[in-house]
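Input: a single structure, listed below in structure tokens.
The values are calculated or read from the model by the stated rules, or taken from the named source; none is laboratory data. Please read all numbers here as calculations on a predicted model, not as lab measurements. Cβ atoms come from the backbone with ideal geometry, glycine included; neighbour counts cover every protein chain shown.
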Amino acid sequence: MSALKKSFRELLRYPSAILGMAIILFLLGVSVYALATIPYSEAIRLWRGGEEVWYQNPKYAPPAWFNYFSNKKKPVSFAVRTTDGSMTKTTTPSSDPNISTVDITYAFDYAYDDVPQELMIYFTSQYEEKFTFASVSWITPDGRTIRIADMAVEHTQNFRFSQDQKLQKRLKTDHVMQALFVDPESSTQKPLKGQYQLVISGTAFEKDASIDAEFVLHGELFGAAGTDKYRRDLLLPLLYGTPIALAFGLLAALGTSLLTMVIAATGTWYGGWLDELIQRVTEVNLVLPFLAILIMVGTFYSRSIWLMLGVTILLSIFSGSIKTYRSIFMQSKESSYIEAARAYGASSSRIIFSYLIPRMVPLLIPALVSSIPSFVFLEASLAVLGLGDPVLPTWGKVINDAFYDGALYQGRYYWVLEPAILLMITGFGFALLGFALDRIFNPRLRDI
Amino acid sequence: MTSEKIVSSEPAPPSKEKTRKNSTFTRVFRYSLVRLFSMMITVAIGVYLTILIANMGGYVDTIMRNEIKDNITQGILANPAFRSLSTEAKANLIQTKIETEINRRGLNQPFAIRSVRYLKNALTLNLGRAIYMKSDQGSKEVRLILLERLPATLLFTGTSSLMVFFASVYIALSLSRKYGSFWDKIIIAFSPTSAAPPWFYGIFLILIFAAIFKVLPFGGLVDSPSPRNPLDYGLSVLKHLILPISSVVMSFIFLSIYNWRTFFLIYSSEDYVEMAKAKGLSARDVERRYILRPTLPTIITNFALLVITLWTGFTITETVFLWPGLGITLFRAIGFYDTPVIVGSTIIYAYLLAITVFLLDFVYALVDPRVKVGSGGGGSQ
């Protein structure tokens, strides 16, 4: 224990190690947050969801913080609804117990230099026989009131502003958004900045009837991470990809290095044909094309990330490091403490697991940490090849989607860069820590 | 895996005594022959494993059967010559045809026998016919499809691995001389960037040089239409090679330099090096004869490991750069679900790996005094 503490204290002497640990802690924090807020099944449902889940989002929208770096402020999408209180709704009963009026208003500041792509209202209404009725109007910052629509609302009803022909006729233009946002007196096509207000006044004609609305503005930017081709919020795969990447990297690194060590120790200890076999298997493994076999398994059997993990570990066990470990075990096999253990009659497994392997932990830890990034990137590489897990939202999957859609050619850099930068940060964090650990645990490197 | 460490073997002290040429030759020859033989067995086992994986649980057989069934059924239903037949007669005809085809392809034999036949076919590069893909000449032979792609891959892998290797050894040597200097620290600081594979840097390079500055092509082998003049053709290929090679170099160079530098530093503190320095030999001589020469076998082994890492990692790099090599063919085969091509490229990759290992083993035999002199075990470590 004190040895661990000592090495930890020594670790703090390396600024790179502190940076690496900070990055890893941050990633762990993100993972915990992602797992705590979005359950596994929910993440899969959202990621696999189509229009019915993501209808509120515009397609191909870069993240909202793009506005900080640009002089021309682009509209940021939002969605508000009465059901969760983000849009105010007041119901006033009238003298007739069957009739009530519902007033829904939403006022928002609009300070962008472009008109939004589209405005939409999604109504839901409860009634038995008689439709509820709603009239929608729009109040601009300069005080004009524009009547949008009057309609009978069915159980679910969508209203798209720019596709409504009556509205187009009333405004005498096909460009509804311009008519709603631009001052007709001014010559510029810039939208008026200020507070806009959406007013829906509904009337219900039954005792228990009610009406709810969701107001959606499709701008050009969206959220903290933007959206992809399928309107999915990229924040989901970016957040949820973190625990997956860490789990894959950690499990693969742990499985590979522990198994390699156990096999190398067993082979060296027993020697003879077992050792010979391990040597030959290592040689065969050297000519087995790692990625091609993973691809084969992914194409023929299953693309599940956990199967890939298993195959990765299996193929990486008999790698070059088994030879390095072997040569070290060869030396420690002859040392006197092993002789002593033998003399008191320790069993072979006791010698392997209690005496041979623990001595190697200082070599194991840096190798383990340094190999994590390559496994994290392996998962991404497989996804880029189209062999990513079909259901899980991962970083590699995002890069793959973006690549298939030609994001680089079409200038949608955010789509590729966000997951790529996360991958890089992850790789960098573990590599930094691994390097520092290597220097601490590897006495040959200490003075260099 | 990019984090491959330099595997250090025991450096053999520089041998001073000259052995007779003749016996050296026989030793190297015998060594190489033994290596070649064991390598062939290794390849055979590797390929057999590949076949086993590809056909685990008879999955590929099922695909083949279904395909035969589909093709024959479609063929007969669509053929106007059979239109007059009754439904029953058609069904019978389909059934017999399917059975003949299954017999012809030997799908009814037990797997153990078939796997041996598959192995023989695979080892003789008789890789069967592709389902959808074609070579540029229009052939459906998997062997032709793959061999046609080999030169591009060799060009890419060869140039980039040689560049990474020589650049890193050279820079590492000069850094190990000026240990602790500014550049030394820079290299150490940058070495964690090697955690990312080449394709990853490729994305950034494409973004910067192709998408934003538009100075270099997005990908491919040559301009389209390809230049007639061989010189222009070569220049165009070179232009297309810049980004892929830079991505490989960016991904490998820092860690590679770091590892070599550490390696040279360790060996330059050996006693015989100190002795040589004390004798007053020039730094160049010390480096060449007392550091490089004894560590040469290790250097070569690690070069082999680098090439092997590159071979397998190139699938994605080629895909990202649309480089028409083996890797992108494999990628397309995944997209088409073209099983013969996928299995075939795995086998070709296994061969390439084995040839690499053997060639380097041969060079190893030439430089390792233990093989030449005949003392010690020899063999790649």
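Annotations
- Every residue from the stretch A:413-426 that is within 10 Å of chain B (Cβ to nearest Cβ) and either acidic (Asp, Glu) or over 16 Å from the mean Cα position of the chain (by Cα) (or both): A:TYR413
- Test: residue in the stretch B:102-117 that is part of a helix (DSSP H, G or I), more than 14 Å from chain A (Cβ to nearest Cβ), touching a residue at least 24 places away in the same chain (Cβ under 8 Å) and among the β-branched types (Val, Ile, Thr): yes
- Residue check: B:ALA44 meets all listed conditions (1) surrounded by fewer than 17 Cβ atoms within 10 Å (Cβ to Cβ); (2) more than 9 Å from chain A (Cβ to nearest Cβ); (3) at pLDDT 80 or above but one, namely (1).
- For B:GLY180: the one exception among (1) outside any helix (DSSP H, G or I); (2) crowded, with 17+ Cβ neighbours inside 10 Å: (2)
- Test: A:ALA224 is under 26 Å from the mean Cα position of the chain (by Cα) and modelled with pLDDT under 85: yes
- Condition check for B:LEU221: of a type outside the set (D, E, K, R) and part of a loop (DSSP other than H, G, I, E, B): yes
- In the set A:GLY406, A:GLY396, A:GLY429, only one residue is surrounded by fewer than 16 Cβ atoms within 10 Å (Cβ to Cβ), more than 8 Å from chain B (Cβ to nearest Cβ) and either modelled with pLDDT under 90 or part of a helix (DSSP H, G or I) (or both); that residue is A:GLY406.
- Enumeration of residues in the stretch B:110-144 that are aliphatic (A, V, I, L, M) and either over 19 Å from the mean Cα position of the chain (by Cα) or under 26 Å from B:PRO197 (Cβ atoms) (or both): B:ALA112, B:ILE113, B:VAL116, B:LEU119, B:ALA130, B:ILE131, B:MET133
- Beta carbons closer than 6 Å, at least 6 apart along the sequence or on distinct chains, pair a first residue in the stretch A:267-290 that is outside any helix (DSSP H, G or I) with a second that is not polar (S, T, N, Q) for A:LEU288/B:GLY46; A:PRO289/B:TYR349; A:PRO289/B:ALA350.
- Residues in the stretch B:249-299 that are among the β-branched types (Val, Ile, Thr), away from chain A (no Cβ under 14 Å) and within 24 Å of the chain's Cα centre (by Cα): B:VAL249, B:ILE253, B:ILE299.
- Every condition in (1) exposed (fewer than 13 other Cβ atoms within 10 Å of the Cβ); (2) modelled with pLDDT of 80 or more holds for B:SER38 except the one numbered (1).
- For the stretch B:310-352, filtered to residues that are of a type in the set (Ser, Thr, Tyr) and closer than 16 Å to B:LEU154 by Cβ, the residue that is farthest from the chain's Cα centre (by Cα) is B:THR329.
- Scan of the stretch A:143-172 for residues that are in a loop (DSSP other than H, G, I, E, B) and surrounded by 15 or more Cβ atoms within 10 Å (Cβ to Cβ), ordered by number: A:PHE161, A:SER162, A:ASP164
- For the stretch A:439-448, the set of residues classified as assigned to a helix (DSSP H, G or I) and either modelled with pLDDT of 90 or more or at the interface with chain B (Cβ under 9 Å from one of its Cβ atoms) (or both) consists of A:ARG444, A:LEU445, listed by residue number.
- Residue check for B:PRO225: within 30 Å of A:GLY411 (Cα to Cα) and at pLDDT below 80: yes
- For B:GLU141, the conditions (1) out of contact with any Leu (no Cβ under 6 Å at 6 or more places or on another chain); (2) among the charged types (D, E, K, R); (3) touching a residue at least 24 places away in the same chain (Cβ under 8 Å); (4) buried (at least 17 other Cβ atoms within 10 Å of the Cβ) all hold with the exception of (3).
- Unmet requirement for A:THR90, which otherwise passes all of (1) buried (at least 16 other Cβ atoms within 10 Å of the Cβ); (2) among the hydroxyl-bearing types (Ser, Thr, Tyr); (3) more than 25 Å from A:LEU408 (Cβ to Cβ): (1)
- Taking the stretch B:327-342 as the range and being facing chain A (nearest Cβ under 7 Å) and outside any loop (DSSP other than H, G, I, E, B) as the test, the residues that pass are B:LEU330, B:PHE331, B:ILE334, B:GLY335, B:ILE342.
- Residue in the stretch A:353-365 that is among the aromatic types (Phe, Trp, Tyr) and surrounded by fewer than 19 Cβ atoms within 10 Å (Cβ to Cβ) present: yes
- In the stretch A:375-393, the residue that is farthest from the other protein chains (Cβ to nearest Cβ) out of those that are without any contact (Cβ under 8 Å) to a residue 40 or more places away in the chain and surrounded by 24 or more Cβ atoms within 10 Å (Cβ to Cβ) is A:ALA383.
- Filtered residues of the stretch A:271-289 (kept if more than 7 Å from chain B (Cβ to nearest Cβ) and among the hydrophobic types (A, V, I, L, M, F, W, C)): A:TRP273, A:LEU274, A:LEU277, A:ILE278, A:VAL281
- Within the stretch B:315-326, the set of residues being closer than 20 Å to A:GLU379 by Cβ and more than 9 Å from every other protein chain (Cβ to nearest Cβ) comprises B:THR317, B:GLU318.
Conditions tested, residue by residue: (1) over 30 Å from B:LEU146 (Cβ atoms); (2) in contact with a Ser or Thr (Cβ under 8 Å, 6 or more places away or on another chain).
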residue	(1), (2)
B:LEU231	no, no
B:LEU235	no, no
B:LEU238	no, no
B:LEU241	no, yes
B:ILE245	no, yes
B:LYS277	yes, no
B:PRO297	yes, yes
B:ALA304	no, yes
B:TRP323	no, yes
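- Any pair with Cβ under 7 angstrom, 6 or more apart, that starts in the stretch B:201-215 at a residue that is of a type outside the set (A, V, I, L, M) and ends at one that is part of a loop (DSSP other than H, G, I, E, B): B:GLY202/B:PHE321; B:PHE209/B:VAL215; B:PHE209/B:LEU216
- Residue count, the stretch B:172-210 (criterion: within 22 Å of the chain's Cα centre (by Cα) and either at pLDDT 85 or above or aliphatic (A, V, I, L, M) (or both)): 9
- Every residue from the stretch A:290-326 that is facing chain B (nearest Cβ under 8 Å) and over 29 Å from A:ASP389 (Cβ atoms): A:LYS323, A:THR324
Quick grid of which residues meet (1) free of Cβ contacts under 8 Å to residues at least 12 places away in the same chain; (2) touching a Lys or Arg at 6+ places or on another chain (Cβ under 6 Å):
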{"residue": "A:ASN67", "(1), (2)": "no, yes"}
{"residue": "A:SER70", "(1), (2)": "yes, no"}
{"residue": "A:THR82", "(1), (2)": "no, yes"}
{"residue": "A:GLY85", "(1), (2)": "yes, no"}
{"residue": "A:THR88", "(1), (2)": "no, no"}
{"residue": "A:THR91", "(1), (2)": "no, no"}
{"residue": "A:ASN98", "(1), (2)": "no, yes"}
{"residue": "A:THR101", "(1), (2)": "no, no"}
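- Qualifying residue in the stretch B:190-199 (condition: polar (S, T, N, Q), more than 14 Å from chain A (Cβ to nearest Cβ) and in a helix (DSSP H, G or I)): no
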